[in-house]
1. Restricting the search to segment B:239-253, which residues are surrounded by 19 or more Cβ atoms within 10 Å (Cβ to Cβ) and at pLDDT 85 or above?
2. Looking at (1) within 14 Å of another protein chain (Cβ to nearest Cβ); (2) within 22 Å of the chain's Cα centre (by Cα), which one does residue A:117 not meet, given that it meets all the others?
3. Considering only segment B:278-297, how many residues are more than 12 Å from residue B:255 (Cβ to Cβ) and buried (at least 16 other Cβ atoms within 10 Å of the Cβ)?
4. Considering every residue within segment B:134-148, establish whether at least one is within 14 Å of chain A (Cβ to nearest Cβ), of a type outside the set (Val, Ile, Thr) and either in contact (Cβ under 8 Å) with a residue 60 or more places away in the chain or surrounded by 16 or more Cβ atoms within 10 Å (Cβ to Cβ) (or both).
5. Please find, among A:73, A:80, the residue that is under 27 Å from residue A:146 (Cα atoms) and either within 14 Å of chain B (Cβ to nearest Cβ) or in contact with a strand residue (DSSP E or B) (Cβ under 6 Å, 6 or more places away or on another chain) (or both).
6. Identify, by number, the condition in (1) farther than 30 Å from residue B:206 by Cβ; (2) at pLDDT below 85 that residue B:233 doesn't meet.
7. Confirm whether residue B:261 is over 20 Å from residue B:216 (Cβ atoms) and out of contact with any Lys or Arg (no Cβ under 9 Å at 6 or more places or on another chain).
Amino acid sequence: MNWRGGWALVKRSWSSWLQYRSFFFVLAFGWMIPPLIYLFVWSTAAQSGTVGGMTPAEFVAYYLVLILVNQLTYAQTNWTVGDVIRAGDLNAWLLRPLPPLFHTLSAEIAGKVVMMAFVIPAALILALVLRPTLNATPLQVVLFVPALMLAWLLRFFWGYWLACLAFWATRADALLAVQDALVFLLSGVVAPIGLLPPFMQVAARVLPFYYMVGFPVEVLTGHLNIADLLSGFVIQAAWTIIAIFLYCRLWRAGLLRYAAVGG
Amino acid sequence: MSEAQIVVKQLTKTYRVPVREAGLRASMRSLVRRAYEDVAAVQAIAFSIEAGEMVGFIGPNGAGKTTTLKMLAGLLHPTAGEARVAGFTPWERRPEFLRTISMVLGNKSQMLWDIPPLDTFRVLGEIYGLSPIDFRSTLDELVELLEMRSLLNKPVRNLSLGERMKCELVAGLLHRPAVVFLDEPTLGLDVSMQSRLRRFVLDYNRRHGATVMLTSHYMADVLALCPRVILIHHGRLLYDGELSKLAERLAPFKLVRIGLSNDRAGQELDLPIGVEVLQRADDRVELRVNRGEAPAIMARLLNTLPITDLAVEDPPIEAVIDQIYQGGGV
């Protein structure tokens with residue numbers, strides 16, 4: 001592993017992406033809009049008491065944390081890997097003695113840092129205005145860290161294997177649209193998944209999307225019992241392993257195909 | 001005996017491409033069942049190149065040059081055959097191999113658009129694990145040779161095509177590769193920029209003994225840089241040897257230009273057999289004669305015609321190459 005080269009790449013991507021910070025700020029703002037809408041919808045709906053056991057202030061806390069988690073875990077790989085494959089720029093990566101994964105990771109880190117420069121102040125201002133209640137126990141705070149890291153890993157590699165489809169299909173947009181819709185519905189953006197109809201709740205708990213966003217949010221802000229936490233972490237870890245496995249297989253097969261047909 | 005720097009044996013690359021007739025019906029049919037066609041891009045070519053050699057790799061568009069270079073740089077798997085570059089099998093893409101070679105593509109930039117070239121160079125220095133001293137001295141040398149110090153801190157987006165090409169060369173040579181593949185390095189550049197880059201490549205090859213394989217459509221590049229050329233056409237190797245001998249072998253004729261004294265201008269000429277008139281304008285005539293018979297024919301011409309001026313030349317290399325590209329054969 002060439003860590004020295006990888007770190008240099010991170011710094012470069014960062015300085016390059018900083019040139020576009022206004023673009024990233026607008027993008028981050030766009031990503032904040034759907035959770036913000038549902039923040040207002042649910043906290044208004046709960047005005048006269050609670051909905052699904054949550055007070056308006058708890059909804060605010062849930063969605064503010066969700067905004068942070070969603071942006072931290074958002075998969076950029078369709079642009080940072082998929083477009084590189086489609087445009088034939090992969091050659092430049094393959095000619096250097098550095099695993100291509102580093103290019104993606106550096107873009108990931110650079111992009112997330114640039115966006116956080118916008119999202120954290122925005123969330124703080126919203127918190128001052130909307131007054132959330134957050135009664136997280138120290139255990140919840142501690143567990144939130146691995147839940148968030150696994151969520152990031154899962155979403156990153158899930159996005160990565162989807163991006164690898166660019167080796168075969170020039171456009172995988174339709175599939176990505178389906179995936180985005182599933183994330184929107186089942187990850188806890190539309191509503192905390194406890195408020196979904198029963199069959200959707202089952203789907204959400206089985207499929208990976210809830211573990212990309214909603215699960216870490218609920219670890220910090222919700223009332224998950226020990227059984228929920230345990231099964232949550234197990235399923236999250238299992239999906240992460242599956243995502244990494246799919247990435248490895250598709251990346252390797254994709255490279256073989258790339259080497260067969262040329263870029 | 002030690003192995004040559006680049007050894008290629010029976011290297012073959014066949015692409016499978018989907019084919020489809022025009023029209024709606026054909027496109028419906030191709031949804032269900034796709035027809036494929038095998039296209040032979042490179043067919044069993046073989047050559048070997050010694051360390052420090054500078055070889056021009058020429059052929060018309062679509063001849064298989066870039067495919068071959070991509071196989072040698074490890075970007076493509078061959079369908080059959082083998083290749084060794086600096087002792088490595090390229091398509092295994094081992095890190096040590098990648099540190100030994102470099103590929104510079106004239107039509108594909110690897111510079112990041114928004115940051116100054118120096119930043120990209122620094123990252124490359126880190127990727128190749130160069131010590132700060134090595135990095136500095138190599139960079140200084142390249143920058144000096146290319147006369148581009150003033151470009152180092154400008155964003156790449158503000159550079160001209162020629163200036164960007166200089167950056168590509170620096171990016172490709174920072175790690176002092178022993179084997180360099182240059183694919184159309186002078187594409188789209190003006191004449192003086194072309195000749196400056198040529199001088200640079202020559203200089204670099206002499207200083208560091210790097211093996212260079214160069215493709216170019218500008219014969220001036222090849223003439224200036226490459227004592228040896230490898231010519232491929234339709235994926236087959238047509239010629240491997242000195243550029244000057246290429247003309248001799250492939251163009252078995254010479255050009256004779258004669259000037260006639262004024263009184264004979266415009267009159268019918270009595271020419272020996274085997275002489276072809278290419279052009280005639282009043283008192284100037286351009287003839288094509290068989291290479292072997294040239295001396296005898298010349299003597300005859302001097303005896304029979306009132307010649308005021310005479311020049312014998314090899315046909316221009318462009319004309320020879322054009323003849324091969326058009327005719328497809330040697």
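1. The one that is surrounded by 19 or more Cβ atoms within 10 Å (Cβ to Cβ) and at pLDDT 85 or above: B:239.
2. (1)
3. 3
4. yes
5. On the way: A:73 fails: either within 14 Å of chain B (Cβ to nearest Cβ) or in contact with a strand residue (DSSP E or B) (Cβ under 6 Å, 6 or more places away or on another chain) (or both).
Only one candidate passes the filter, namely A:80.
6. (2)
7. Values: over 20 Å from residue B:216 (Cβ atoms): yes; out of contact with any Lys or Arg (no Cβ under 9 Å at 6 or more places or on another chain): yes.
Here the answer is yes, as residue B:261 does meet what is asked.
This table checks each residue for (1) at pLDDT 85 or above; (2) assigned to a helix (DSSP H, G or I).
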| residue | (1), (2) |
| --- | --- |
| B:271 | no, no |
| B:278 | no, no |
| B:286 | yes, no |
| B:289 | yes, no |
| B:292 | no, no |
| B:311 | yes, no |
| B:315 | no, no |
| B:319 | no, yes |
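The values are calculated or read from the model by the stated rules, or taken from the named source; none is laboratory data. Keep in mind it's a predicted model, so treat the numbers as computed, not measured. In this analysis, Cβ positions are derived from the backbone assuming ideal geometry, glycine residues included, and neighbour counts consider all displayed protein chains.
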